Amino acid sequence: MTAIIMDGKQVAVLVKDEVRREADRLQELGVGTCLATVLVGDDPASRSYLKMKHKACGEVGIISKNYELPASASQNEVLDLIDTLNRDNNVHGILVQLPLPGNIDSFQIIEGLLPAKDVDGLNPINLGRISYRKHSIFPCTPKGIMALLNHYEINVAGKHLVILNRSNLVGKPLYQLLTTVDPMQVLPLNTDMLMLNQDATVTMCHSKTPLVDKYTREADILITAVGKRPEFVVTADMVKEGAVVIDVGVSRMGSKLYGDVDFESVRDRAGYLTPVPGGVGPMTIAMLLHNTVITAAEQTKNTIVHLVKRWV
Ligand code: GUN
C-alpha cells in the first residue's frame, strides 16, 4: 500500500481564499482586519514561525503588526502590552508566541488576553467553552487537522483515534473537536467543506504512557505531536495497515525539519499520511488567519450593534 499524501499546502490555499473573501468583505465595511503578534525574547524558531504568520497575513489582506519585548521583560511589562492591545479597537486578534521565557508565567499572560481577541483559542474561557459545546475560538492546529480530515472525506465517527499529545495547544482541544463539537461551529465561514467529523473514540497517550506502540498499532487514525526526534520516531511497525497518520511533530536536525513519522517506511503502510513540512503546518497558519477574520467580524458586529444602540 502507498499512502495518499494529505497536502496541507493545497488545502490551506482553499482556506486562505475564503479568509481573503471575508477580509475583503470587512474592508468594504471599512474594517481593516488586524492581527497583533507578541514576541518576548529572541528565540530563532519563534521568530521564524512569526515571519511565516506575517507573510500569510499579507497574502490574504490582513494587516499584521509585531510587538517585541526583550527576554528580560517583566511579567507586568508583558501584561501591560497585552492590556494596550486588548483596548486597541483597531486590533482584532492577538497572538502571543509561545514558549515565553522561563521567568514569565504563561498562564497569566494567556488569561490576560481578551477572549474575543484570542486567535490561538488558548485563553481559559475559550478552551473551557469548548467543553460546553458553545461557540468559541478553536485552537489553530486542531482546527487545521479537522479541516484536513474533512477535505479528504475521512469520517472519524466510530473510528479509534489515538493522539500522542496531551497539551492545551493540540491534544486536549483535538479530543473535544473529534468527539463532541458540532463541526459547523469549527468552520463557520466554510460552506464548501464536507462536515463529517464527530463521534470518534479517542485514546490520549503522552510521554509517560508505557508501551505506546500497543496503542499506536490499534489506531485507525493516529495523530502524533511529540517533536522529539531522534529519541522518538513513529516507525512502520507502530502503524496499523491502512491507517490515517497525521504528523504534527516538528524537530529541527541540522538545517532540516522532520516530523515524528519515519515518512518513507510509513508511507508504504498507511492509507493517508501528512508530510512535514507541508502537512499540518500550513493548515495551522491558515486557521490562524481564519480565526482572525472571525474575531474581526464578531467585533465589527458588536461595534455596529453598539453604534445602533447609541443612535436609538
Ligand atoms: N508556538 C508553537 N505553536 C504555537 C501556536 O500555535 N501558537 C502560539 N502562540 N505559539 C506557538
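The values are calculated or read from the model by the stated rules, or taken from the named source; none is laboratory data. As the structure is a prediction and not an experimental result, all values here were calculated from the model. All Cβ positions, glycine included, derive from the backbone under ideal geometry; neighbour counts span all protein chains shown.
Structural remarks
- Whenever a residue of the stretch 97-120 is over 10 Å from V40 (Cβ atoms) and away from the ligand (no atom under 13 Å from the Cβ), its partners that are at pLDDT below 95 and basic (K, R), lying with C-beta atoms within less than 9 angstrom and at least six residues away or across chains, give the pairs P115/R129.
- Residue-level check: of (1) more than 16 Å from the ligand (Cβ to nearest atom); (2) small (G, A, S); (3) closer than 27 Å to L257 by Cα, A23 misses just (3).
- Selected residue (only one of D42, D88, D105 is among the charged types (D, E, K, R), more than 23 Å from the chain's Cα centre (by Cα) and farther than 29 Å from L148 by Cα): D88
- Between K117, K55, K65, K9, the distinction of being at pLDDT 95 or above, under 30 Å from A243 (Cα atoms) and among the basic types (K, R) belongs to K9 only.
- The criterion of being in contact (Cβ under 8 Å) with a residue 24 or more places away in the chain, more than 16 Å from the ligand (Cβ to nearest atom) and out of contact with any Cys (no Cβ under 7 Å at 6 or more places or on another chain) does not hold for N90.
- A3 vs. criteria of a type in the set (A, V, I, L, M) and at pLDDT below 95: no
- Meets criteria (more than 16 Å from the ligand (Cβ to nearest atom), among the aliphatic types (A, V, I, L, M) and at pLDDT 90 or above) for L161: yes
- Residues in the stretch 42-86 that are under 19 Å from N291 (Cα atoms) and out of contact with any Leu (no Cβ under 8 Å at 6 or more places or on another chain): Y49, K51, M52, H54, K55, G58, E59, G61, L85.
- Checking I62, I82 one by one, the residue that is under 21 Å from P139 (Cα atoms) and either hydroxyl-bearing (S, T, Y) or over 20 Å from the mean Cα position of the chain (by Cα) (or both) is I82 and no other.
- Filtered by the rule that a residue be within 10 Å of the ligand (Cβ to nearest atom) and in a loop (DSSP other than H, G, I, E, B), the stretch 121-146 gives G121, L122, P139.
- Within this structure, N126 fails the test of being surrounded by fewer than 20 Cβ atoms within 10 Å (Cβ to Cβ), under 15 Å from the mean Cα position of the chain (by Cα), closer than 26 Å to L85 by Cα and of a type outside the set (F, W, Y).
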